[in-house]
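Where a number appears in this text, it was derived from the coordinates with a stated rule and is not lab data. It should be emphasised that the depicted structure is a prediction, and the values quoted were computed from it without experimental measurement. Here the Cβ positions follow ideal geometry from the backbone for every residue, glycine too, while neighbour counts run over all protein chains shown.
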Amino acid sequence: MAVAGNMLAGPAVLDNMLAAYRKTLDSVDFAAALLAALVAGAEAGGDSRGMGSAALRVQGDQEFCDLDLRVDSADAPLAELARLLEAATTGPYAAFFATVPRR
């Protein structure tokens, strides 16, 4: 596992991201663990320029990604990303998506 970033507020950002990822990976799926890492990094100061967008992409072994979510502009991009992740992985959309051929 590698954690990296540009123009971060300090080393605590990366340390907190890795710790949050490791802590949550056993209890949630991979995408949710990545989101937890993003949230922890933001809470530790995140990008020194501030945050206006966020993205989460999970690439499996197929040609098309398993999950590709992005928030291009928002006051609270991680909260919006969490909402999108919930919508994409639960309920009617997730049930529909599970039936769509991806190969």
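Collect the residues in the range 68-79 that are part of a strand (DSSP E or B) and under 10 Å from the mean Cα position of the chain (by Cα), keeping them in residue-number order.
68, 69, 70, listed by residue number.
Only one residue in 95, 79, 55, 88 is aliphatic (A, V, I, L, M) and over 23 Å from residue 21 (Cβ atoms), so which one is that?
None of the others qualify; the one that does is 95.
Considering each of 57, 83 in turn, give the residue that is free of Cβ contacts under 8 Å to residues at least 12 places away in the same chain and either surrounded by 12 or more Cβ atoms within 10 Å (Cβ to Cβ) or not in a helix (DSSP H, G or I) (or both).
83
Collect the residues in the range 86-103 that are at negative phi and in a helix (DSSP H, G or I), keeping them in residue-number order.
Residues satisfying the conditions are 86, 87, 88, 89, 92, 93, 94, 95, 96, 97, 98, 99.
Look through the range 1-38, keep the residues that are out of contact with any helix residue (DSSP H, G or I) (no Cβ under 8 Å at 6 or more places or on another chain) and either in a helix (DSSP H, G or I) or among the charged types (D, E, K, R) (or both), and return whichever of them is nearest to residue 87 (Cα to Cα).
Within the range 1-38, the match that is nearest to residue 87 (Cα to Cα) is 30.
Criterion first (touching a residue at least 12 places away in the same chain (Cβ under 8 Å) and under 22 Å from residue 90 (Cα atoms)) does residue 13 satisfy it?
Here the answer is no, as residue 13 does not meet what is asked.
Of all residues in the range 24-38, how many are over 8 Å from the mean Cα position of the chain (by Cα) and in contact (Cβ under 8 Å) with a residue 24 or more places away in the chain?
The number of residues fulfilling the criteria is 2.
From the list 66, 72, pick out the single residue that is more than 24 Å from residue 12 (Cα to Cα) and touching a Gly at 6+ places or on another chain (Cβ under 8 Å).
Just a single option satisfies the conditions, and that option is 66.
Filter the range 39-54 for residues that are within 19 Å of residue 86 (Cα to Cα) and either among the aliphatic types (A, V, I, L, M) or surrounded by 15 or more Cβ atoms within 10 Å (Cβ to Cβ) (or both) and give the result.
Once the filter is applied, which keeps residues that are within 19 Å of residue 86 (Cα to Cα) and either among the aliphatic types (A, V, I, L, M) or surrounded by 15 or more Cβ atoms within 10 Å (Cβ to Cβ) (or both), the range 39-54 yields 39, 40, 54.
Among the numbered criteria (1) among the small types (Gly, Ala, Ser); (2) out of contact with any Lys or Arg (no Cβ under 9 Å at 6 or more places or on another chain); (3) closer than 24 Å to residue 13 by Cα, which single criterion is violated by residue 53?
Result: residue 53 fails condition (2) only.
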